[in-house]
Amino acid sequence: MISKTYAPQEIEDKWYSYWMENRFFNSKPNPDKEPYTIVIPPPNVTGVLHMGHMLNNTIQDILVRKARMEGKEACWVPGTDHASIATEAKVVAMLKERGIAKRDLSRDEFLEYCWEWTHKYGGIILQQLRKLGASCDWDRTRFTMEPDLYDSVIDVFIDLYNKGDIYRGHRMVNWDPQARTTVSDEEVIMKEVNQKLVYLKYELVGAEGQGVVVATTRPETIMADVAICVNPNDERYQHLIGKQVLIPLIKRAIPVIADDYVEIEFGTGCLKVTPAHDTNDYELGKRHNLPIIDLLNEDGTLNEKAQILIGEDRFTARKKIIKLLEESGDLIKVEEYKSNVGHSERTDSVIEPRLSEQWFLKMDKISKPALDNVMNDTVQLIPAKFKNTYRHWMENVRDWNISRQLWWGHRIPAFYLKDGTLIVAKNKREALRKAQHEYQLFALTEEDITQDPDVLDTWFSSWLWPISVFNGIKEPDNADINYYYPTNDLVTAPEILFFWVARMIIAGYEYKGTYPFKNVYLTGIVRDKQGRKMSKSLGNSPDPIDLINTHGADGVRTGMLFSSQAGNDLPYDDKLVEQGRNFCNKIWNAFRLVKGWEIDQNLSAPQGSELAVKWFDSKLNVTLAEVHDHFIKFRISDALNAVYKLIWDDFCAQYLEMIKPAYEQPIDKVTFEATLEFFDQLMRLAHPFMPFISEEIWQNIRERKANDSICIAPFPQAKDSDLALLNDFEILFELISGIRNLRNSKNISPKVALPLAIRTDSKGRYETLETLIVKLAHVESIAYVTEESEGTSFRVKSDEFFVNLADELDVETERENLQRELEYTQGFLDSVIKKLSNERFVANAKGDIVEKERQKQADAESKIMTLKEALVRLG
């Protein structure tokens, strides 16, 4: 017995458990099958499901489920990323609630808390993906900090170091004072912020009252100034070059230097040079051999080198120093100013440029295959518009700062002897062995060796993901890596195209000699109605699990995809998931309708039903070919919309109406079985998009074998279609629609049978369709005429149809309505003719606009003729 309403909550857990029990999602190398492999973009171990995950993983699941149904060995590898910065921040916050500070713990003690957090919260998002229906091979779940993956990262570091591609050096880096670590250029988000532009006076040494005026948004750094720079061609300041000025407040003397870098027209034409706190100033300082003064601590507070406001936060110091400058008389003025300021993607803290000794990976040579093979489409970006962005990044790639000042992560395998000698080795024991054998330091012990305290950038582990999940670094010739690599498709977001995608391609060519995936499907960003990116901080993002509980997983999956083209942002609206839920209800009600019919074994199939079956079979096959084409081109949203139209419009609205038996009458067995077969194919077609409801209905269509499932049933394939029949039915539907619209406009009940006359050169077409015309339009009789006939007429293509409404109409009211419409149309025609009579309009307007006006004239004239004929027929 099929329940009256579709209740997703009752079936989703049931079928997911069934799939898991029967291990339908598990995969192992099978030489008799073509592999289809996707690796999940590993969500942060701290994360919970958000709308972006929903969209991304729905698309992945659709691709995997379709491949599985096509008989491929489908393998979707799940896993999580240890997320150094995010996890460490969470753990520090947790410890703070317990009254514990990180600085009071040893490294090992802190890592124990990190693992505690990971074991408690790390699997939440993977459990939530099951609610969505994700068909991952959960036995293959990987974590970037598990032993094999950890070792792989360390092995790669050592290998690249030994090749000379990794080095250690002093560089200006992006410093996150909140996380107290460096971040890469790609993790710096530029935001326009309101600031204050502070004009202050630097007095000339030995010449009281003279000097220069400098404008800065960072007055808290003036104590680290080492020079004032002007353009050598700036006549205003040539007499000052080589002289000295005094820094306000602290009165330290600094030189005035000249460099073409300074723009004469910008600001006052004078630049304060602070090499420790500005990347451009650092380069300027190197050219002029200037000293470097770093006045900030790791947490963004002022240190003793500042001389004043020591210990104050940088932004507090900024406010206070403006007041001090005002009191000292060195402040000229303050202006409101907007500028772009770098923020940490991880903590949203304002980034500080900072000179620091870090580890770097040389990117110039190692990245070249990754650039070439995207540009030549060996690896395809979908949509291709992202190739330009990719090329720009890769052609301007800088060395990758791979070290982070954290404890949670892959610790850099570099060891130092007391004299500063550096040894890169897998562990301290191996470092000791190298020291003893390479440097003949046989008296050395492990206590004499210190490991680098930094960990590697999280992306330095995830760039190996498609290889390391199959243990391809440690065991480069194992069965899994040989079978599943390279993977097929990657589904991810454009904002990590360089962070992750490009780096995986680099690693693929470096360690496997080929690409890691063939296609990269780049999803859009899920945004709210105002165009804002959905986020918890803005409070504009619904909880995906709440949506699933309310609308069902299938409703949410389809709702997310209805308007989600590759690379285009998704403007989320609750109406989308409501549409998805309504789609599920439509399918459910259609199935209940069919299963509720009584079958008469002795009935023959009516001619109309036979035609309907042939028509829908053709319509199904045309749509299957269309869906297949959409999948090849990664138009996943278009594929879903084609399935939606086929089921809602063609199957439910048209086909079932054509074959539906009269009230309380049985249906013939042939038509019924054909309809069940259609349902079977439709559910298999819909399954990748709507796994739960399709399984529930498929299992109820007929008796199934034990341990059978739609998820391993064959995906339907297109066969030949009767295109002439499809064309005839398009005309049929327009005819039916015309008669129904006529009824509605004249308020005539659908129960009233009306006579129909047809003027056509294709009489045979309509004779074939007569039974369906009579049934669907409730026509009393059909006559074929060669001249005009009584009644209201309308056209479909070259044929004219006359519906005699005389007995049903109030003739006087109808005449008045027609007369009003005629007068309105005549007035409209006059206005169009007047516009076209204007020579100036015709001469100056674009050709297509003039042509549209002429078409309006022709349409109005045709309508006037029809209205006049109708008035004549009314007498």
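Residues that are crowded, with 21+ Cβ neighbours inside 10 Å and under 15 Å from residue 228 (Cβ atoms) within the stretch 275-289 comprise 275, 281, 284, 285, listed in sequence order. For residue 582, are the conditions met, namely being touching a residue at least 40 places away in the same chain (Cβ under 8 Å) and farther than 24 Å from residue 702 by Cα? Spelling it out, it is not the case that residue 582 is touching a residue at least 40 places away in the same chain (Cβ under 8 Å) and farther than 24 Å from residue 702 by Cα.
Taking first residues from the stretch 6-31 that are under 17 Å from residue 690 (Cβ atoms) and partners that are among the aromatic types (Phe, Trp, Tyr) and assigned to a loop (DSSP other than H, G, I, E, B), the Cβ contacts under 9 Å between residues at least 6 apart in sequence or on separate chains come to 18/24; 19/25. Exactly one residue among 312, 326 is touching a helix residue (DSSP H, G or I) at 6+ places or on another chain (Cβ under 8 Å), assigned by TED's automatic domain parsing to the domain that holds residue 226 and not aliphatic (A, V, I, L, M), and that residue is 312. Residue 215 falls short on exactly one of the conditions (1) closer than 22 Å to residue 280 by Cα; (2) outside any strand (DSSP E or B); (3) under 53 Å from the mean Cα position of the chain (by Cα); (4) not β-branched (Val, Ile, Thr), and that condition is (2). Going residue by residue through the stretch 113-129, is there one that turns out to be of a type in the set (Lys, Arg), at pLDDT below 95 and more than 27 Å from the chain's Cα centre (by Cα)? Checked the stretch 113-129: at least one residue is of a type in the set (Lys, Arg), at pLDDT below 95 and more than 27 Å from the chain's Cα centre (by Cα). Taking each residue of the stretch 791-805 that is over 13 Å from residue 740 (Cβ atoms) and looking for partners that are part of a strand (DSSP E or B) and of a type in the set (Asp, Glu) with beta-carbon atoms closer than 8 Å, six or more apart or interchain, yields 793/800. Does residue 311 count as at pLDDT 95 or above, surrounded by fewer than 21 Cβ atoms within 10 Å (Cβ to Cβ) and either under 42 Å from the mean Cα position of the chain (by Cα) or in a loop (DSSP other than H, G, I, E, B) (or both)? The answer is yes for residue 311.
Is it true that residue 471 is without any contact (Cβ under 8 Å) to a residue 12 or more places away in the chain and surrounded by fewer than 24 Cβ atoms within 10 Å (Cβ to Cβ)? No, not satisfied. The helices (runs of 4 or more DSSP H) located wholly in the stretch 738-856 that include 2 or more residues which are at pLDDT below 85, closer than 17 Å to residue 869 by Cα and in the same structural domain as residue 868 (by TED's automatic domain parsing) occupy 811-837. Filtering 304, 336 for residues that are free of Cβ contacts under 8 Å to residues at least 12 places away in the same chain and either more than 36 Å from the chain's Cα centre (by Cα) or buried (at least 18 other Cβ atoms within 10 Å of the Cβ) (or both) leaves a single hit, 304. Looking at residue 637, is it modelled with pLDDT under 95 and of a type in the set (Ser, Thr, Tyr)? Judged against the criteria, residue 637 is a match. Being touching a helix residue (DSSP H, G or I) at 6+ places or on another chain (Cβ under 6 Å) and among the β-branched types (Val, Ile, Thr) is a property that holds for residue 736. Taking the criterion of being surrounded by fewer than 17 Cβ atoms within 10 Å (Cβ to Cβ) and either in contact with a His (Cβ under 6 Å, 6 or more places away or on another chain) or not charged (D, E, K, R) (or both), the residues of the stretch 569-594 that qualify are 571, 582, 585, 589, 593. For the stretch 186-193, indicate whether the set of residues that are charged (D, E, K, R), over 30 Å from residue 468 (Cα atoms) and assigned to a loop (DSSP other than H, G, I, E, B) is non-empty. Checking the stretch 186-193: not a single residue is charged (D, E, K, R), over 30 Å from residue 468 (Cα atoms) and assigned to a loop (DSSP other than H, G, I, E, B).
Do we have any residue at all in the stretch 269-282 that's assigned by TED's automatic domain parsing to the domain that holds residue 331, assigned to a strand (DSSP E or B) and out of contact with any Cys (no Cβ under 9 Å at 6 or more places or on another chain)? Checked the stretch 269-282: no residue is assigned by TED's automatic domain parsing to the domain that holds residue 331, assigned to a strand (DSSP E or B) and out of contact with any Cys (no Cβ under 9 Å at 6 or more places or on another chain). Among the residues in the stretch 316-323, are any assigned to a helix (DSSP H, G or I), touching a residue at least 40 places away in the same chain (Cβ under 8 Å), over 43 Å from the mean Cα position of the chain (by Cα) and buried (at least 20 other Cβ atoms within 10 Å of the Cβ)? Yes, because at least one residue in the stretch 316-323 is assigned to a helix (DSSP H, G or I), touching a residue at least 40 places away in the same chain (Cβ under 8 Å), over 43 Å from the mean Cα position of the chain (by Cα) and buried (at least 20 other Cβ atoms within 10 Å of the Cβ). Of the helices (runs of 4 or more DSSP H) that lie entirely inside the stretch 390-481, those containing 2 or more residues that are of a type in the set (Lys, Arg) span 428-438. Return the residues of the stretch 695-732 that are surrounded by fewer than 20 Cβ atoms within 10 Å (Cβ to Cβ), under 34 Å from the mean Cα position of the chain (by Cα) and assigned to a helix (DSSP H, G or I); say none if nothing qualifies. Listed by number, the residues that qualify are 699, 712. Would you tally the residues in the stretch 204-248 being farther than 22 Å from residue 260 by Cα, acidic (Asp, Glu) and modelled with pLDDT of 95 or more? Adding up the residues that qualify gives 1.
In the stretch 147-166, is there at least one residue being outside the structural domain of residue 333 (by TED's automatic domain parsing), surrounded by fewer than 18 Cβ atoms within 10 Å (Cβ to Cβ), over 23 Å from residue 510 (Cβ atoms) and not hydrophobic (A, V, I, L, M, F, W, C)? Among the residues of the stretch 147-166, not one is outside the structural domain of residue 333 (by TED's automatic domain parsing), surrounded by fewer than 18 Cβ atoms within 10 Å (Cβ to Cβ), over 23 Å from residue 510 (Cβ atoms) and not hydrophobic (A, V, I, L, M, F, W, C), which makes the answer no.
For the stretch 143-151, the condition holds for at least one residue, the condition being that it is touching a Ser or Thr at 6+ places or on another chain (Cβ under 6 Å) and outside any helix (DSSP H, G or I).
If you filter the stretch 536-574 down to residues that are more than 19 Å from the chain's Cα centre (by Cα) and on the phi > 0 side of the Ramachandran plot, you find that the one that is modelled with the highest pLDDT is 552.
The values are calculated or read from the model by the stated rules, or taken from the named source; none is laboratory data. These numbers were taken from a predicted model, which means no experiment stands behind them. Counting neighbours? That spans all protein chains shown, and the Cβs are built from the backbone with ideal geometry, glycine included.
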